[in-house]
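What follows is a set of notes on a single structure, which appears directly below.
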Amino acid sequence: MAKPIIVSFGGVQSNFDHEKLDRAKLYGRRQRQVLDPDGHRCEKAELTRDGTLLVRSGMTAQGYFDDSGAWVPNNRLVGLDAAGNPVPLQPSTLGEPQTLQGPVAPTELLDLAVRSVYVLSPEGLDPKLEAELKAGKIYKFTFNYRADYKPELAFLVGNASGYFALVGEPSESDWLELQTVVAEAADEADDDEELDFEMF
Amino acid sequence: MRKINLMNEASRNAEVVIESVRKPPGITTGLPGGKKVAFKRYVAATEGGLHAKLVALHGDGLAKALIAGDPEIDRELVGREVGETQTVFLSGEGEVLHASPSLVEVIFGTDGKERERKPAESVPANTNEESPVRFTKLRLKRAELVTKFAVVRTIQIKHTSGLSYDFLYAMAKELADKDEVARLGAGPKGRDPLIFQENGARYQAFLEGRVDGPRYKLLLHLSNLELRTLAAAAS
């Protein structure tokens, strides 16, 4: 079992067990399956552009390669900032107290590009923090599920159903004025997404 | 540049541009000296080198065969970079399908078990330039939105002319002044979730406005996930 999320509010720690919030477990899911003329389920495969190789599941691997085309083992890799300077590896924040910042404005959370949502089960919740979350206050803290070069940001929220952590990184949008008119650009395709149950 | 047709509460509509918000440049992966590396996908085994084929060919002698002759490695192909590919479907017999396949939609319950199976129907996008996306009567405070729903994607709405600037600025200001988001709906009655591509995910959409003097932001927050525990969902 993963270590708990520990947050510190006014010097008092609260612990939460955590589990990813999964759409399929909340709503079920729909899946479109492809059948051959005999009604058997088809296997999805890929054909290389030159048509010489049929790539089936299990036939590929992926990795990092240097300029000379040599494979680079993962333990030699480091994180680099925008200037190309190595950045230190940040340890996992699980099991380590993280200071809560806030309360923050809802717009800060609305600017988060959410990557994961966790349902939190309190295992020793500071009553003051509980009262804040029940009042709809939002707090943020640093989150790193596992050691990584760029810790993410987590927002702690609560509602009548329970407590949740929304994890991701801040996104950027533009302030627009009268003189700002969007220039024509090429169409951008949307990501492929599976058809799922409606929420309501 | 993608456009949508946006209709306000007074049933006035305009074609406006939508763009995804940006993620800031992140940390890249490289070597300690600052050299960058390329992430590539490569051939690790050919079809004849997959475990099932090797077992069928060598049976109980597979382990010895692997040690003796490396039959799992095709030296001509293994290591070759896999670039762009086209999706193909293989029949139940493993042959490339040359006839049109049929599609079924399978519905799984929350327990992961299959509940229903029916011919798949194509669900068109409903956020095109012709049919308007419009305000519904539902309004939420911003704080309520973020504690009830996980926003999984945000799209910024932008003007294309002076007229559409006035249209969007007024919308943003009214929402910002009230600290509210408005739920938008699509479809003939303007109540359906938004679908941005054929057979794509359905999103509940909430429009948020921010203003700073003459500047504005109009952000369409999309959610397909409520902040709800499994116990609450079950009850």
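With the range B:1-64 as the region, which strands (runs of 3 or more DSSP E) entirely inside it contain at least 2 residues that are within 30 Å of A:THR48 (Cβ to Cβ)?
Values: elements: B:2-7, B:13-20, B:28-30, B:38-43.
Output list reads B:28-30, B:38-43.
Restricting to the range A:55-98, name every residue that is in a strand (DSSP E or B) and either within 25 Å of B:LYS23 (Cα to Cα) or out of contact with any strand residue (DSSP E or B) (no Cβ under 9 Å at 6 or more places or on another chain) (or both). Step through it out loud before you land on a result.
First pass over the range A:55-98, keeping only residues in a strand (DSSP E or B): A:55, A:60-65, A:71-72, A:78-80, A:86-87, A:90, A:97-98.
Within the range A:55-98, A:GLN62, A:GLY63, A:TYR64, A:VAL78, A:GLY79, A:LEU80, A:PRO86, A:VAL87, A:GLN90, A:GLN98 qualify.
So how many residues does the range B:13-27 have that are of a type outside the set (Gly, Ala, Ser) and more than 7 Å from every other protein chain (Cβ to nearest Cβ)? Break it down stepwise before answering.
Quick first cut of the range B:13-27, residues of a type outside the set (Gly, Ala, Ser) only: B:13, B:15-19, B:21-25, B:27.
Narrowing the set further to residues that are more than 7 Å from every other protein chain (Cβ to nearest Cβ) leaves B:13, B:15-16, B:18-19.
Here the count works out to 5.
Filter the range A:1-53 down to the residues that are in a strand (DSSP E or B) and among the β-branched types (Val, Ile, Thr), then identify the one that is nearest to B:SER91 (Cα to Cα).
Taking the range A:1-53 and keeping what is in a strand (DSSP E or B), we get A:5-9, A:12-20, A:29-35, A:41, A:43-48.
Then drop every residue that is not among the β-branched types (Val, Ile, Thr), which leaves A:5-7, A:12, A:34, A:48.
On the way: A:ILE5: 47, A:ILE6: 51, A:VAL7: 52, A:VAL12: 60, A:VAL34: 9, A:THR48: 18 Å.
Applying the filter and picking the extreme gives A:VAL34.
Taking the residues in the range B:112-146 that are among the charged types (D, E, K, R) and in contact with a helix residue (DSSP H, G or I) (Cβ under 9 Å, 6 or more places away or on another chain) as candidates, determine which candidate is surrounded by the fewest Cβ atoms within 10 Å (Cβ to Cβ).
Taking the range B:112-146 and keeping what is among the charged types (D, E, K, R), we get B:113-118, B:121, B:129-130, B:134, B:137, B:139, B:141-142, B:144.
From what's left, in contact with a helix residue (DSSP H, G or I) (Cβ under 9 Å, 6 or more places away or on another chain): B:139, B:141-142, B:144.
Values: B:ARG139: 16, B:LYS141: 14, B:ARG142: 22, B:GLU144: 16.
Ranking the candidates gives B:LYS141 first.
Step by step: first the residues of the range B:48-101, then only those that are facing chain A (nearest Cβ under 10 Å) and β-branched (Val, Ile, Thr), then the one that is surrounded by the most Cβ atoms within 10 Å (Cβ to Cβ). Which residue is that?
B:VAL82
Pairs, please: C-beta under 6 Å, at least 6 apart or cross-chain, first residue within 14 Å of chain B (Cβ to nearest Cβ) and in the range A:94-114, second surrounded by 15 or more Cβ atoms within 10 Å (Cβ to Cβ) and small (Gly, Ala, Ser)?
If the second residue must be surrounded by 15 or more Cβ atoms within 10 Å (Cβ to Cβ) and small (Gly, Ala, Ser), the pairs left are A:PRO106/B:ALA143; A:ASP111/A:SER171; A:LEU112/A:GLY168; A:ALA113/A:GLY168; A:ALA113/A:SER171; A:VAL114/A:GLY168; A:VAL114/B:ALA150.
Checking A:LEU47 against (1) under 21 Å from the mean Cα position of the chain (by Cα); (2) within 30 Å of B:GLU81 (Cα to Cα); (3) among the aliphatic types (A, V, I, L, M), only one condition comes out false. Which one?
Of the numbered conditions (1) under 21 Å from the mean Cα position of the chain (by Cα); (2) within 30 Å of B:GLU81 (Cα to Cα); (3) among the aliphatic types (A, V, I, L, M), the odd one out for A:LEU47 is (1).
Taking the range B:204-232, which residues are in contact with a strand residue (DSSP E or B) (Cβ under 8 Å, 6 or more places away or on another chain), more than 21 Å from B:VAL21 (Cα to Cα) and either of a type outside the set (Ser, Thr, Tyr) or at pLDDT 95 or above (or both)?
B:GLU226, B:LEU227, B:LEU230 - these are the residues of the range B:204-232 that are in contact with a strand residue (DSSP E or B) (Cβ under 8 Å, 6 or more places away or on another chain), more than 21 Å from B:VAL21 (Cα to Cα) and either of a type outside the set (Ser, Thr, Tyr) or at pLDDT 95 or above (or both).
Among the candidates A:LEU80, A:LEU125, A:LEU133, single out the residue that is buried (at least 16 other Cβ atoms within 10 Å of the Cβ), modelled with pLDDT under 95 and more than 21 Å from the chain's Cα centre (by Cα).
A:LEU125
Would you say A:ALA83 is more than 9 Å from every other protein chain (Cβ to nearest Cβ), without any contact (Cβ under 8 Å) to a residue 12 or more places away in the chain and either over 29 Å from B:ILE155 (Cβ atoms) or not charged (D, E, K, R) (or both)? Step through it out loud before you land on a result.
Working: more than 9 Å from every other protein chain (Cβ to nearest Cβ): no; without any contact (Cβ under 8 Å) to a residue 12 or more places away in the chain: yes; either over 29 Å from B:ILE155 (Cβ atoms) or not charged (D, E, K, R) (or both): yes.
For A:ALA83, the condition - more than 9 Å from every other protein chain (Cβ to nearest Cβ), without any contact (Cβ under 8 Å) to a residue 12 or more places away in the chain and either over 29 Å from B:ILE155 (Cβ atoms) or not charged (D, E, K, R) (or both) - is not met.
Take the range A:154-184 and flag every residue that is assigned to a loop (DSSP other than H, G, I, E, B), under 26 Å from the mean Cα position of the chain (by Cα) and either among the charged types (D, E, K, R) or more than 7 Å from chain B (Cβ to nearest Cβ) (or both). Don't jump to the end; show me each part of the working.
As a first pass, look at the range A:154-184 and keep what is assigned to a loop (DSSP other than H, G, I, E, B): A:159-162, A:171, A:173-175, A:177-184.
Keeping just the survivors that are under 26 Å from the mean Cα position of the chain (by Cα) gives A:159-162, A:171, A:173-175.
Those that are assigned to a loop (DSSP other than H, G, I, E, B), under 26 Å from the mean Cα position of the chain (by Cα) and either among the charged types (D, E, K, R) or more than 7 Å from chain B (Cβ to nearest Cβ) (or both): A:ALA160, A:ASP174.
Among A:GLY69, A:GLY124, which is on the phi > 0 side of the Ramachandran plot and without any contact (Cβ under 8 Å) to a residue 12 or more places away in the chain? If you could, list the steps in order and put the result at the bottom.
Numbers: A:GLY124 fails: without any contact (Cβ under 8 Å) to a residue 12 or more places away in the chain.
None of the others qualify; the one that does is A:GLY69.
I need every pair where a residue in the range B:179-197 that is within 11 Å of chain A (Cβ to nearest Cβ) has its Cβ under 8 Å from the Cβ of a residue that is buried (at least 21 other Cβ atoms within 10 Å of the Cβ) and of a type in the set (Asp, Glu), sequence separation at least 6 or different chains.
Filtered contacts from the range B:179-197: B:VAL181/B:GLU208.
The values are calculated or read from the model by the stated rules, or taken from the named source; none is laboratory data. The structure displayed is predicted, hence computed values, not measured ones. Counting neighbours? That spans all protein chains shown, and the Cβs are built from the backbone with ideal geometry, glycine included.
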